[in-house]
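**Student:** Structure incoming, see below.
The values are calculated or read from the model by the stated rules, or taken from the named source; none is laboratory data. Every value quoted in this text rests on a predicted model; they were computed, and no experiment measured them. Every residue, glycine as well, gets a Cβ built from its backbone with ideal geometry; the counts of neighbours run over all protein chains shown.
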């Protein structure tokens, strides 16, 4: 929670700076390329960390396949629930109310076409893969003595890059005149959409877990992690040795969900819908993936992405211990 406060402090600072500059007719045209450069750096460091993690590398076989299947079901359930909710509230594919002609015509409702496109998606995929290969083949295999120092250094590098990234997001949002209006229009829906995301995740994900032989308790604990790979697997493992496989699958599943969000948010936004893309990464929608949502879907989706991550964070922190009885 302290890191979340830190990240959002940088976002607020950036927003205030850009908002005041916009009133004076100033705009920061360099923000978009700077933001993407930071995203690339962030993805590379994340790839390095995953490649240098023995647990990740050793679980890329059967357990990794199980985690991948569960992740696909969770994401599919999330997007399906969001699609239904979007139709109920008569919102179009870009998250705009269909009877709002002004919003439909506003250029500010369109994300920067150069911000996040399919080329960026494949670039990010390549960067993550390159980072994992370097981490696994060089750091993990050839330089095992530096793993401890690397883990600490890369962690703080991620924190710094995320602070910079959130500052850029604030600058970008501050230059838009639709953010406050989008929050006002969202109203109670800002709560309902995250709830729908969680329900869709749990129904589809738990069903997949049951088919694979996990108990209802294990399946529920795995899926309610919502991408929080530094928390849910540890709580599951603390419940006893009999849950170690469930803990390993939870770890892999939550890592895959966050990485999937980083890579595929632009594709989901372009091919399926903006609202559906906010449900892909789970908890990471409020921090790591927030800039990608903003660049792929425009500033109007930021409020939904942040609410989704925040509510999931609260539910996960309470739900996993309750389910596991720890």
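**Student:** From 288, 268, 303, which residue is in a loop (DSSP other than H, G, I, E, B) and closer than 22 Å to residue 32 by Cα?
**Tutor:** Answer to the check: 288.
**Student:** Okay, moving on. Among the helices (runs of 4 or more DSSP H) lying completely within region 1-92, list those that include at least 2 residues that are touching a residue at least 40 places away in the same chain (Cβ under 8 Å), at negative phi and loosely packed, with under 14 Cβ neighbours inside 10 Å.
**Tutor:** Output list reads 2-23.
**Student:** Which of the numbered conditions does residue 279 fail, given that it passes all the others? Conditions: (1) outside any loop (DSSP other than H, G, I, E, B); (2) crowded, with 24+ Cβ neighbours inside 10 Å.
**Tutor:** (1)
**Student:** Just to be sure before I move on: is residue 309 surrounded by 21 or more Cβ atoms within 10 Å (Cβ to Cβ), in a loop (DSSP other than H, G, I, E, B) and under 13 Å from the mean Cα position of the chain (by Cα) in the structure I sent?
**Tutor:** Criteria not met by residue 309.
**Student:** Which count do you get for residues in region 200-235 that are surrounded by fewer than 24 Cβ atoms within 10 Å (Cβ to Cβ) and on the phi > 0 side of the Ramachandran plot?
**Tutor:** Of the residues in that region, 1 qualify.
**Student:** Let me ask something additional. Tell me yes or no: at least one residue of region 17-36 is under 14 Å from residue 288 (Cα atoms), modelled with pLDDT under 80 and under 19 Å from the mean Cα position of the chain (by Cα).
**Tutor:** First pass over region 17-36, keeping only residues under 14 Å from residue 288 (Cα atoms): 35-36.
From what is left, the residues that are modelled with pLDDT under 80 are none.
For region 17-36, residues under 14 Å from residue 288 (Cα atoms), modelled with pLDDT under 80 and under 19 Å from the mean Cα position of the chain (by Cα): absent.
**Student:** Continuing with this model, one more query. For region 174-214, what are the residues that are at pLDDT below 75 and part of a helix (DSSP H, G or I)?
**Tutor:** 179, 180, 181, 182, 183, 184, 185, 186
**Student:** If I ask for residues that are at pLDDT 90 or above and farther than 27 Å from residue 3 by Cβ, which ones from region 215-256 would you list?
**Tutor:** Within region 215-256, 215, 216, 217, 218, 219 meet the criteria.
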